[in-house]
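First up is the structure itself, then whatever we jot down about it.
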Amino acid sequence: MSVSIETRDACVDFPIFDAKSRSLKKAFLGKAGGSIGRNSSDVVVVEALRDITMSLSEGDRIGLVGHNGAGKSTLLRLLSGIYEPTRGVAQVRGRVAPVFDLGVGMDPEISGYENIIIRGLFLGQTRKQMLAKMDEIAEFTELGDYLEMPLRTYSTGMRVRVAMGVVTSIDPEILLLDEGIGAVDAEFMKKARTRLQALVERSGILVFASHSNEFLAQLCDSAMWIDHGQIRMHGEIEDVIRAYEGDDAADNVARVIADMKREEEKDRRGSSERGKGGERGKGDGRGLDDPERRDGAA
């Protein structure tokens, strides 16, 4: 079965049964970012997503941009099956790994090691799979003996290390990622991004909501601007960021992409040179006891 995501005119409405006053509705609208209307039963609803039509297939890497409350996280939850469309259609084919909150599926009263297993089970792994990955995840976190201690003794940054170790160890067909990192030091973040890039390469489809244009440029090949629950624009990352944030942000994205291409080209040249060196080292496969080699060497 091929991996794919298809939505047609998908909408997600949240009924607000106690929205009796104008001030309450205005306050909710300010936080939710959707639009307010009424359904057929005359109940006030917040239209969190409206007329979402998109088609993704294996290999697609799409980044979601938009202000807080624009509908990015709601769209991820629609694609994960947490929300059903109020109207329209949303069809997802493939094993989904939703990564919305790095703390979900973790218990503060048990050890880091036990939380690694619990978090893995939450993401669809088996206990046996997580036990096989335990040493590698533990090494990545750099937490040492702290993994024997209850999670409640951890700082926020330490918890993120555990969660990131588990998340980046899985092999999803569809990865739905809502950026929830930033409480760790810069050196570890660099290490985490390298693992996250490898995770993205292993996944069939990536849908990634982030406020970091640099991160989007590193992981995605297209972008979608969500505004007040609707798709405002879908296209190349640089073009979408230019429309959403302006020329300076788009120019920075272009620099990041150019830097990535230079690094990839440098790696390719290095691999090619190493390959040629290996071929030269092999020679023609004939030893000095070969008559032709012996005569030529004389």
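The values are calculated or read from the model by the stated rules, or taken from the named source; none is laboratory data. No experiment lies behind these values; they were computed from the predicted model shown. We place every Cβ from the backbone using ideal geometry, glycine too, and count neighbours over all the protein chains shown.
Any residue at all in region 92-100 that's more than 26 Å from residue 158 (Cβ to Cβ), touching a Leu at 6+ places or on another chain (Cβ under 8 Å), modelled with pLDDT of 90 or more and not polar (S, T, N, Q)? There is at least one residue in region 92-100 that is more than 26 Å from residue 158 (Cβ to Cβ), touching a Leu at 6+ places or on another chain (Cβ under 8 Å), modelled with pLDDT of 90 or more and not polar (S, T, N, Q). Confirm whether residue 77 is at pLDDT below 95, in the same structural domain as residue 231 (by TED's automatic domain parsing) and in contact with a strand residue (DSSP E or B) (Cβ under 9 Å, 6 or more places away or on another chain). Judged against the criteria, residue 77 is a match. In region 27-59, the residue that is modelled with the lowest pLDDT out of those that are buried (at least 19 other Cβ atoms within 10 Å of the Cβ) and not in a strand (DSSP E or B) is 32.
Selection of region 219-245 for residues being crowded, with 18+ Cβ neighbours inside 10 Å and either in a helix (DSSP H, G or I) or not assigned by TED's automatic domain parsing to the domain that holds residue 196 (or both) yields 219, 237, 238, 240, 241, 242, 244.
Here's the yes/no breakdown for (1) closer than 25 Å to residue 162 by Cα; (2) in contact with a Ser or Thr (Cβ under 8 Å, 6 or more places away or on another chain); (3) β-branched (Val, Ile, Thr):
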{"residue": "189", "(1), (2), (3)": "yes, no, no"}
{"residue": "198", "(1), (2), (3)": "yes, yes, no"}
{"residue": "215", "(1), (2), (3)": "yes, no, no"}
{"residue": "227", "(1), (2), (3)": "no, no, no"}
{"residue": "233", "(1), (2), (3)": "no, no, no"}
{"residue": "243", "(1), (2), (3)": "no, no, no"}
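Could you check, for region 146-156, whether at least one of its residues is modelled with pLDDT under 85 and either over 17 Å from residue 105 (Cβ atoms) or in a loop (DSSP other than H, G, I, E, B) (or both)? Walk me through it before giving the result.
First pass over region 146-156, keeping only residues modelled with pLDDT under 85: 156.
Narrowing the set further to residues that are either over 17 Å from residue 105 (Cβ atoms) or in a loop (DSSP other than H, G, I, E, B) (or both) leaves none.
So far as region 146-156 goes, no, none of its residues is modelled with pLDDT under 85 and either over 17 Å from residue 105 (Cβ atoms) or in a loop (DSSP other than H, G, I, E, B) (or both).
Among residues of region 172-202 being modelled with pLDDT under 85 and part of a loop (DSSP other than H, G, I, E, B), the one that is surrounded by the most Cβ atoms within 10 Å (Cβ to Cβ) is 172.
Here is a yes/no grid of residues against (1) out of contact with any His (no Cβ under 6 Å at 6 or more places or on another chain); (2) polar (S, T, N, Q); (3) within 22 Å of residue 178 (Cβ to Cβ); (4) free of Cβ contacts under 8 Å to residues at least 40 places away in the same chain:
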site: 195; (1), (2), (3), (4): yes, no, yes, no
site: 199; (1), (2), (3), (4): yes, no, yes, yes
site: 202; (1), (2), (3), (4): yes, no, yes, yes
site: 215; (1), (2), (3), (4): yes, no, yes, yes
site: 224; (1), (2), (3), (4): no, no, yes, no
site: 230; (1), (2), (3), (4): yes, yes, yes, no
site: 235; (1), (2), (3), (4): yes, no, yes, yes
site: 256; (1), (2), (3), (4): yes, no, yes, no
